[in-house]
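Nothing in this text is a laboratory measurement; each read-out follows from the coordinates by a stated rule. Because the structure is predicted, anything quoted here is derived from the model rather than measured. Using ideal geometry, Cβ is built from the backbone for each residue, glycine included, and neighbour counts are taken over all protein chains shown.
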Amino acid sequence: MRRKVLFVNGEFYHIFNRGTDKRNIFSDKNDAFRFLESIEVFNNIEAGNNIFRTHRLKNGLGPTQSNPEKIEKKEPIVNIICYCLNSNHYHFILEQLVDGGISEFMKRLGGGYTCYYNERHKRSGVLFQGKFKAAHIKSNEQLLRLSSYVNLNNKVHQKFDKYKKNFLDLIANRSSWEEYIKKDNKYSICKKDIILGQFKNREDYRKNAEDVIKEIKEMRYGEEVNSTGSDPV
């Protein structure tokens, strides 16, 4: 089936998908870091799935918090504006740079990560729920709002501030939030100027984003939430 959304160079898109049958796609921090490494490795016009043969880390599981290995990109095919990893799904905002860039990037990322995950966890078959989902971001206002939604998506899925933490809450770089609010961030993969350039400073963006998330949570859950609700997908 042909995708309804047509990807155009210079345009922005909200990209997301989840595990088949809502299963987890990240079982521990090694999986999360391998996914992050893949984001960098596959965003290269010359890259293919076999690029890991020459850029594999010693343990084969991805970068560590203390020493993230950087993969040199010669020519990116998309700009990563922001991202968030949750236990059973992910979100991106991407800008396409070359014809077919988003489709190729997501094909590499989905296929490469599935092969890794299946091999490591001794399973077979599909990992993601069909093709990735995509929505064209049609206005600057929508882009700014979605950047808040994606950067703080793990908070959107918490019904209240004291919601029990899952493993991703203990992993640095599970989203690009810290890239946006901290000037000195050693692990940086996003092109942030399009968003941050519209605010006085990082603190101004932080306040705005947190206000947006508060509004979204109030719309989704209402004013009263209880501690027994499940975490939605």
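Using 0.36 nm per residue, how much length does the chain from residue 210 to residue 183 gain when fully extended, once their Cα-Cα distance is taken away?
7.9 nm
Subtract the Cα-Cα distance of residue 203 and residue 3 from 0.36 nm times their separation in residues, and report this length gain in nm to one decimal.
Result for the pair: 68.2 nm of gain on full extension.
A 20 angstrom limit on the alpha carbon distance is what I want to check against. Which of 4/155; 4/214; 138/192 exceed it? Working shown, then result.
Details: 4/155 30 Å; 4/214 31 Å; 138/192 18 Å.
Long pairs (Cα-Cα over 20 Å): 4/155; 4/214.
So for the pair residue 74, residue 99, with labels modelled 7 Å out along Cα→Cβ, what separation do we get in nm?
Label at residue 74, label at residue 99, 2.0 nm between them.
Over the range 79-147, what is the relative contact order in percent, taking alpha-carbon pairs closer than 8 angstrom and at least six residues apart? Mind dumping the intermediate values first?
Values: 38 pairs, mean separation 16.2, N = 69.
Dividing the mean separation by the residue count of the range 79-147 yields 24 percent.
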